[in-house]
Amino acid sequence: MAPGRFVTLEGGEGAGKTTQVGLLAAALRARGLDVVTTREPGGSVGAEEIRRLLVTGGTGRWSALTEAFLHFAARRDHLERTVWPALARGCWVVSDRFADSTLAYQGYGLGLDRAVIGQLSRLALGDFAPDLTLILDLPPETGLERALARCAADRYESMDLAFHHRLRDGFLEIAQQAPERCAVVNAAGSPQAVAAAILSAVDRQWSRSGGP
Ligand SMILES: Nc1ncnc2c1ncn2[C@@H]1O[C@H](COP(=O)(O)OP(=O)(O)OP(=O)(O)O)[C@@H](O)[C@H]1O
Ligand SMILES: [Mg+2]
């Protein structure tokens, strides 16, 4: 059985993550691969319950540290119940956000000590990491416009613009620090253009092992 692969999509609000998870899954399935799509926070029954606590309520509902604990609790459940079993079955797992979002939002965005996030991450994940992380990069103004055109603002979308700029810079720094795992994709083009760039990044990541 071919080994499973874990691919995560990251980026700010309205960057196109959910759209691209769907397009990437369809492209991989067209190649005959078994694909599971999932999302964070959430992706398992327990983690979806925690998600509700995270995405509803006022912007100041949780301190950054409490929020980080909630994210990692949800993430552990998501891994145990959804991601790891699917990888063990040989599936490709494509996740709409993962651990880099906690580092970007709670660390770069809300100013929580990034070393603390690293400690939580080691506790909750051990040394488990995605095989490939696609960082969808877009000016925050464009992303927020897209997101707000779609529906009313949620907790994070209500944060000020400076927060969203810190997020974008944070994601780019994360990519710079882990170039073997991360690919930055320009998310400003059409959905089809972004999907093509994502598929090229996937093929580049696995060209050494013959590609998916
Ligand atoms: N490349 C694109 N160009 C223009 N609009 C797009 C593009 N990709 C997605 N959209 C639209 O922008 C909105 C946000 O896209 P999407 O929901 O995929 O982003 P997201 O990154 O998942 O957002 P969120 O962070 O809020 O979950 C949607 O209405 C979607 O149809
Ligand atoms: Mg989304």
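Annotation: of all residues in the range 88-97 being within 15 Å of residue 39 (Cα to Cα) and more than 16 Å from ligand 1 (Cβ to nearest atom), the one that is surrounded by the fewest Cβ atoms within 10 Å (Cβ to Cβ) is 92. I'd like to check something: does the range 98-105 contain any residue that is within 16 Å of ligand 1 (Cβ to nearest atom), in contact with a Pro (Cβ under 8 Å, 6 or more places away or on another chain), modelled with pLDDT of 95 or more and at positive phi? No, every residue in the range 98-105 fails to be within 16 Å of ligand 1 (Cβ to nearest atom), in contact with a Pro (Cβ under 8 Å, 6 or more places away or on another chain), modelled with pLDDT of 95 or more and at positive phi.
Just one of the listed residues (158, 200, 207, 190) is over 18 Å from the mean Cα position of the chain (by Cα), within 24 Å of residue 55 (Cβ to Cβ) and surrounded by fewer than 20 Cβ atoms within 10 Å (Cβ to Cβ), namely 158. Within the range 169-181, the set of residues being touching a residue at least 60 places away in the same chain (Cβ under 8 Å), away from ligand 2 (no atom under 16 Å from the Cβ) and crowded, with 16+ Cβ neighbours inside 10 Å comprises 170, 174. Being away from ligand 2 (no atom under 14 Å from the Cβ), charged (D, E, K, R) and loosely packed, with under 15 Cβ neighbours inside 10 Å is a description that does not apply to residue 81. Examine the range 187-206 for a residue that is closer than 23 Å to residue 106 by Cα and within 16 Å of ligand 2 (Cβ to nearest atom), and state whether such a residue exists. Yes, the range 187-206 contains at least one residue that is closer than 23 Å to residue 106 by Cα and within 16 Å of ligand 2 (Cβ to nearest atom). Considering 63, 44, the condition of being away from ligand 2 (no atom under 15 Å from the Cβ), modelled with pLDDT of 95 or more and among the polar types (S, T, N, Q) is satisfied by 44 alone. In the range 27-40, the residue that is surrounded by the fewest Cβ atoms within 10 Å (Cβ to Cβ) out of those that are away from ligand 1 (no atom under 16 Å from the Cβ) and on the phi < 0 side of the Ramachandran plot is 30. Against the conditions (1) surrounded by fewer than 16 Cβ atoms within 10 Å (Cβ to Cβ); (2) closer than 20 Å to residue 51 by Cβ; (3) without any contact (Cβ under 8 Å) to a residue 40 or more places away in the chain, residue 150 satisfies every one except (3).
Looking at the range 118-128, can you tell me whether even one residue there is more than 17 Å from residue 8 (Cβ to Cβ) and surrounded by 20 or more Cβ atoms within 10 Å (Cβ to Cβ)?
Yes, there is a match, as at least one residue in the range 118-128 is more than 17 Å from residue 8 (Cβ to Cβ) and surrounded by 20 or more Cβ atoms within 10 Å (Cβ to Cβ).
Where residues in the range 1-26 are modelled with pLDDT under 95 and among the aliphatic types (A, V, I, L, M), which of them is surrounded by the most Cβ atoms within 10 Å (Cβ to Cβ)? Step by step, filter the range 1-26, then rank; the result is 2.
The values are calculated or read from the model by the stated rules, or taken from the named source; none is laboratory data. If you're wondering where the values come from, they're calculated on a predicted model, not measured in any experiment. Glycine also receives a Cβ, built like all others from the backbone with ideal geometry; neighbour counts cover every protein chain displayed.
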